[in-house]
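Taking it in order: structure first as structure tokens, then the write-up.
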Amino acid sequence: MGFLQPWILFALPLAIIPIAIHLANQWRYQTKPWAAMMFLLRAKTMHRGFDRLRQWIILSLRVAAVIGVVLAVSRPISSGVVAWIAGGDLDTIIVLMDCSPTMSATGPDADLSKHQTAIKQLRNSLSMFNASKWVMVDSNSLKATQFASSQSLLSSPAIQTSDTPCDWPAMLESALSYLDIEKPAQAHVWIVSDLQASNFSPSSPRWESIRDRLIAQRATVKITSIEYPDPPRSNYAIHVTDARWERRSNQRPTDSRVGMDLYLSIVIESTLHIDSASTIDSRSIPVSIAWQGNEIQASVDVSSGRGELKDYRVGSLDEAKRSLDSDSAQESGTVSLQTWGSVRLPLDGNLADNEDFFAADLQPIARTIVVCDRSANVLPVILAAESPADPSIQSEVVVVPPSSFDPQSLDGIAFLVWQSASPDPTTAKAIYEFVNRGGSLWMFPPEQINGPSVSSAPQIPEATRIKLDDEPNKLLEISWDEWNNLPEPISPTTWRSDVGLLRATQSGASLEVGELRVKKLATILGKLTAVASFADGRVLIAALGVSSTEFIVWATLPVLPFSAMASSADNQAGVVLYVTVQRAIESGIRNLSSIVNTWATAENSSSENLRFARLPRSQKWEPIITTEGFLSNQMTNHAGVFRAGAKIVAIHRPRLEDNAKMLEIGDWNRLFEGVAIKRLSEQTGSSNDLQSEAWRGFMVLLICAMLGEAAMSLPKMKQT
Amino acid sequence: MQRQYPFFDPAIAARLSAIPLISRSAMIGGVSGRHKSPHRGASVEFAEYRKYVPGDDLRRLDWRAYGRTDRFYVKEFEADTNLRLVLVVDTSGSMNFGSVGMSKWEYARQLATTLAYLAIQQGDAAGLVCASNSITHRLPTRRNPAHLAAWMEIISAIIPSGQTHLPRLLHELAETIPQRAMVVVVSDFFDEPRIWRDCFEHLRFRKHDVSAFQLLDPEELRFDFQRPTRFMDMEGNASIFVEPSDIQGRYQVALTEFLEDMQITCLETSTEFRRVTIDTSIEQTLKDFLVARTSGSSRQGSRK
């Protein structure tokens, strides 16, 4: 058992005070001549059983009360109790630290944030342990990192708060993997969290295996959860939802730098739970916009916990030029349509969500190249590509035969449609590079198929192969079997509506993929993943991965007599084709843009963030606007504007992180059902150490002893 | 100059002398008095008519009755006599206990002396028996006022000590005192109630009018000591060490059982029982006793 003030234990001999008083009291007896002796003798003979023990029980309770006081004042730590129960020193201590932005929230009456309180309390508590290994899994890296001591662990830069949400399933998996590999004799896992529901992802299927693995480790691993569930003070979070250049209506697009205005859309939301937020009165919140060295003040009317500033004109490109000219400190020649800035709220209950960043540039032209034997075979695709859904996007479609296709022309292309036989190796290499850059590729079977071309396809030398997301080169292995005329048109019955090309719309409506009528089908050959398939298992659409939108292979052509995708009788099928084409263009154009908007994420997070995956990681990142005090390898964990080669990366705080809804007690019990976890609920800003729980326990012992003593010392009811 | 005794207050005696001491049953005294006698006498109170028998005094014939009934009747009247009051006072060591500035013995002495004074004042005879294990003081019943002086001298010289042998003495008195006397026992009665039952039944069998004053100290009733105490037996050498708070409950149980048994014993033996805590004034105690007898509705016992 550990104590923060062990010297107070020297006062334990004070426990004999009640015994000494008892003995002294006995010694200080009075002598009394007594007449009614017969009643005393009779009462003595009735003094049996519990009555004989009563005074000894009272004496024991008094001794227990003194011991309780001494132990409580010596501040025993609950973890010490756990270690004591576990028997001896621990082999490994693993700290799972929530470093998400909500941990920066301060308590209702405290200056310290939850994170600072946790660090302070851990510093006192962990110093009581003699562990041979100190391991931390932080929400920034999700990796188990070993330290030499508890002090070095708690002083590590990795433990600092960031803008990255905490992925508790991933953190627990990381800790469990460490335990599986290291197999410590006795380990103690400390979970430090604010119980934010979104961090726990209670609906994640990963919890089942995590729970089973935790139960399997029960014999050797003790788990303590330190929780800071108190809601933040009045707190608002700010997010930039859109930042774009827009040309004034009276300007002709002769010069891309003339007549352009920068518009921002901002959302301010209360981070309190929606039930609490609904009670918040309407108010106007000032917003400070920092752009090109200027500080622009705006205000947002917030009602029911939410307010939005839609298409707010920040300034024009001309104003930005004047500002730069007057500020000699600014780097010369940086004025371009690439711009960035930040928005900031006044101080409130959580400083971490008071700032967001933006970056903007001109939308690139959505260029599409259609390589086909005959343009009529892919005409619906061409028409869809020429009609962008976003009117601010300019589109260009070029149709070329395979013989005239120049691989060099893929620069600046967002979408490539290949409807012909498999490309030659040189062309295939260029297409690999195109897809690797983030361009979208659709492949349709040629009108005339001469059988499988796998064996006859020339192979690219190993040295020249380009890795495509660590997948093997598949393009040359892709081919189609001969066309099959179907007796009756068939429709796909199985497709993925959650991710990928055929995912549901943002409103939640599913695409009517089942309305696609296929009359001629060519079997796709190659190592691809089926995205949409028929009841008999044949594939209509295949992709490089189930969530891929960039590399799509079709098993038919979008025109009659192959299919009825774009016929007037199948409007829903036409919608499916149009939407998928737009998604392919959107995916391709996003990677052509010099601006990347993404959100802070852990390095090895399992969450999909394709836009982020396309960032040129190989190039050195330079922070342009961001918070200070983090390592260069933690840039992806922090919101800000960074320069990565020719691209500007604006990293935002995930909006899900701003929902301060706590994990329900029922969810906690379900997630950790059968897992022995000691829970310590702490208060933000508390100056008490974690051992306060044990302190309370001894105080309970003290109170119980005193109450028991008082109850047993009460005179009996007088008999009437 | 007349000697003053601290245990006798003439003022109290003077106030109480207004209330006569009445026996509950017929007494047999030596001279005429104010108490009923089992014999017929020459008082003014009519008793009954009796048929004339030869030898009766013709002066007691009721001629009016003869005129009405043509038969001879003799008119008889109640006889009034004095009583013999025997006061039995316990002088064992336990009577020395007192926590209210007065011991039980002092209270008993005052009570007995005042009662004897009242009896002699109204022409009754009073006698005293004081008993402990070693010495028995006896003062025969006399109605002479000078008898009080001897009474005072004797009772002032007594120092209670030793164990009580009051039950044995009561049995002895029941046999030695002439029948139909008034016996008043003053004691704490700290012995088994069944022993007292035998004594009282014996006295009642001899047609004595028996009254019992049980004197108790308030401290004996409360037993509210705080500190550990070694209690020394006042009638012997025994001692007992107790933590009063531990034993108080059971002490109260034992005491209550005893008091209830005593009360039942006296009720069943037609003994007038009066429990007196010695912080009660003597005057009040005796007034209650005398008034109850005057009204004929004694609290305990019944008139035979």
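The values are calculated or read from the model by the stated rules, or taken from the named source; none is laboratory data. Treat the numbers as computed from the prediction; the structure is a model and nothing was measured. Here Cβ is always computed from backbone atoms with ideal geometry, including for glycine, and neighbour counts include all displayed protein chains. To get the accessible areas, we keep the full protein, side chains included, count just its heavy atoms, and leave off ligands, DNA and RNA. Shrake-Rupley method; radii C 1.70, N 1.55, O 1.52, S 1.80 Å.
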When residues of region B:240-257 are limited to those that are closer than 30 Å to B:Phe200 by Cα and facing chain A (nearest Cβ under 7 Å), the one modelled with the lowest pLDDT: B:Arg250
Criterion violated by B:Thr81 - all others in (1) closer than 27 Å to B:Thr280 by Cα; (2) open to solvent by less than 20 Å² (accessible area, probe 1.4 Å); (3) among the polar types (S, T, N, Q) satisfied: (1)
Check on B:Arg194, within 23 Å of B:Ser132 (Cβ to Cβ), more than 7 Å from chain A (Cβ to nearest Cβ) and either loosely packed, with under 15 Cβ neighbours inside 10 Å or free of Cβ contacts under 8 Å to residues at least 12 places away in the same chain (or both): yes
Any chance A:Ala43 is within 7 Å of chain B (Cβ to nearest Cβ), open to solvent by less than 10 Å² (accessible area, probe 1.4 Å) and at pLDDT 80 or above: yes
Residue list for region B:84-101, restricted to those being outside any helix (DSSP H, G or I) and within 14 Å of another protein chain (Cβ to nearest Cβ): B:Asp90, B:Thr91, B:Ser92, B:Phe97, B:Gly98, B:Ser99, B:Val100
Answer residue from region A:72-94, given it is among the hydrophobic types (A, V, I, L, M, F, W, C) and closer than 14 Å to A:Met128 by Cβ and is modelled with the lowest pLDDT among those: A:Ala86
Matching residues in region B:180-191 - criterion: being within 12 Å of chain A (Cβ to nearest Cβ) and open to solvent by less than 10 Å² (accessible area, probe 1.4 Å): B:Ser187, B:Asp188, B:Phe189
B:Glu283 being open to solvent by 30 Å² or more (accessible area, probe 1.4 Å) and within 14 Å of chain A (Cβ to nearest Cβ): no
Within region B:199-239, considering residues that are within 9 Å of chain A (Cβ to nearest Cβ) and aromatic (Phe, Trp, Tyr), the one nearest to B:Ser23 (Cα to Cα): B:Phe223
